[in-house]
Amino acid sequence: QVQLVESGGGLVQAGGSLRLSCAASGRTFRRYAMAWFRQAPGKERLFAAAITWNGADTYYVDSVKGRFTMSRDNAKNTVYLQMNSLKPEDTAVYYCAASPGNLPRSSHEYDYWGQGTQVTVSS
């Protein structure tokens with residue numbers, strides 16, 4: 001079992017930055033791939049970024065590439081999403097997720113989810 005608790009969301013102006021955190025519990029955390037998904041109002045939940053269990057590899061959807069950086073600190077059982085140069089279209093609820101797979105990018109491949117944290121980017 002893995003439990004995820006997210007934090008760091010808020011309101012920011014376009015061009016600003018936020019860092020999301022996801023604190024995990026469970027002995028198997030260090031062997032789980034982690035990801036961030038996001039869901040805008042009226043839209044489906046979509047993949048944004050993922051990181052392998054050891055942090056060696058990351059993958060980002062094109063719309064956030066170069067602006068978002070995902071990292072993990074297994075000693076602290078925490079993953080992060082550093083979001084820079086935020087745009088209004090980044091406004092969404094951001095969800096942390098964990099998977100025993102390598103670097104899955106579909107929501108159904110993730111077994112554990114956080115509660116979500118709201119990110120709002122104003123024009």
Simple SL model, points at 7 angstrom along Cα→Cβ for Gln39 and Ala14; separation in nm is 2.7
Rounded to the nearest Å, the spacing of the alpha-carbon centers of the range 77-112 and the range 5-73 is 3
Going by the alpha-carbon gyration tensor, a ≥ b ≥ c the square roots of its eigenvalues, is the range 20-82 rounded (a/c under 1.5) or, if a/c is not under 1.5, prolate (a/b greater than b/c) versus oblate?
prolate
Which of these, Ser63, Ser21, Ser85, has the largest mean-square fluctuation under a Gaussian network model of the chain (Cα springs below 10 Å)?
Ser63
Just flag the GluC sites (Glu not before Pro) in the range 39-123 sitting in loop per DSSP whose Cβ has no more than 13 other Cβ atoms within 10 Å.
Glu44
Treating cross-link reach as a plain straight distance, find the lysines whose alpha-carbon is under 20 Å from the alpha-carbon of Lys65, omitting any fewer than eight places away in the same chain.
Lys87
Per DSSP loop assignment and a cutoff of at most 13 other beta carbons within 10 Å, the chain keeps its longest run without exposed trypsin sites (Lys or Arg not before Pro) at 66-123
For Asp62 and Asn74, calculate 0.36 nm times their separation in residues minus their Cα-Cα distance, and state this gained length in nm to one decimal.
1.7 nm
Can you tell me, using C-alpha contacts under 8 Å and at least 6 residues apart, the relative contact order of the chain as a whole percent?
36
Between Ser123 and Val5, how many nm apart are label points set 7 Å from Cα along the C-beta direction?
3.8
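Readers should treat all values here as calculations from the given coordinates under stated rules, not as data from a laboratory. These numbers were taken from a predicted model, which means no experiment stands behind them. Ideal geometry is used to build each Cβ from the backbone, glycine not excepted, and the neighbour counts take in all protein chains shown.
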